């Protein structure tokens, strides 16, 4: 009896793994869009009340009880407050659709906003109060397919601040619009990821000779 080749088995396995990844991505994206719309609906319903602060508490408490009864865990009062906050933060702060043309077929919310990351990513991003910095980490997470742990690692290593120190004001503004852009080979060498890997200090300015000497 002939044995099936490992190459064949691996190709089938890869197909299944890719399908599982796609399903996971689809579920995560659907969750984020759903939470955004729930947040929008909570805000709009709050605006219908006379005493908005008190009515807001009433809405979230009652909505939590209703959703928990019908759909189980995930809709506690605290979670609904996070969902409400998610909408208030992201209803207008778009990172720009031209950055990710490969996601042009993604759906858009009623406000025109598109989302590309998991809910866990956005929970981390929402804690970043600086809008430009938040945009930067969101862009880099999508461009580089960062996992949540990688996003946390890069944030904890102050990647945005380290990049900002080595760029002028115009370039820092571009960080929040397009992320980190590598245009020349020298830019790649000055990349904080590369410097980190080579264990070189980050300086505002590196001459090419200095870089070559330190790398050698």
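General remarks:
- Verdict on residue 134 being outside any loop (DSSP other than H, G, I, E, B) and surrounded by fewer than 20 Cβ atoms within 10 Å (Cβ to Cβ): no
- Test: residue in the stretch 102-109 that is surrounded by 10 or more Cβ atoms within 10 Å (Cβ to Cβ) and either touching a helix residue (DSSP H, G or I) at 6+ places or on another chain (Cβ under 6 Å) or modelled with pLDDT of 90 or more (or both): yes
- Residue in the stretch 171-180 that is modelled with pLDDT of 90 or more, in contact with a helix residue (DSSP H, G or I) (Cβ under 6 Å, 6 or more places away or on another chain), surrounded by 12 or more Cβ atoms within 10 Å (Cβ to Cβ) and in a helix (DSSP H, G or I) present: no
- Every pair of residues 6+ apart whose Cβ atoms lie under 8 Å, when the first sits in the stretch 68-80 and is under 13 Å from residue 35 (Cβ atoms) while the second is in a loop (DSSP other than H, G, I, E, B): none
- Test set (1) in contact with a helix residue (DSSP H, G or I) (Cβ under 7 Å, 6 or more places away or on another chain); (2) at pLDDT below 65; (3) surrounded by 11 or more Cβ atoms within 10 Å (Cβ to Cβ); (4) not in a helix (DSSP H, G or I) - residue 113 fails condition number: (2)
- Residue list for the stretch 137-166, restricted to those being assigned to a loop (DSSP other than H, G, I, E, B) and farther than 19 Å from residue 90 by Cβ: 144, 145, 147, 157, 158, 166
- Close pairs (7 angstrom Cβ cut-off, 6 or more residues apart or separate chains): more than 16 Å from residue 67 (Cβ to Cβ) in the stretch 18-41, at pLDDT below 80 and surrounded by fewer than 12 Cβ atoms within 10 Å (Cβ to Cβ) anywhere: 33/107
- Taking the criterion of being assigned to a loop (DSSP other than H, G, I, E, B) and loosely packed, with under 14 Cβ neighbours inside 10 Å, the residues of the stretch 77-93 that qualify are 92, 93.
The values are calculated or read from the model by the stated rules, or taken from the named source; none is laboratory data. All values reported here derive from a predicted model rather than from experimental measurement. Heads up, the Cβs are rebuilt from the backbone with ideal geometry, glycines too, and the neighbour counts pull from every protein chain shown.
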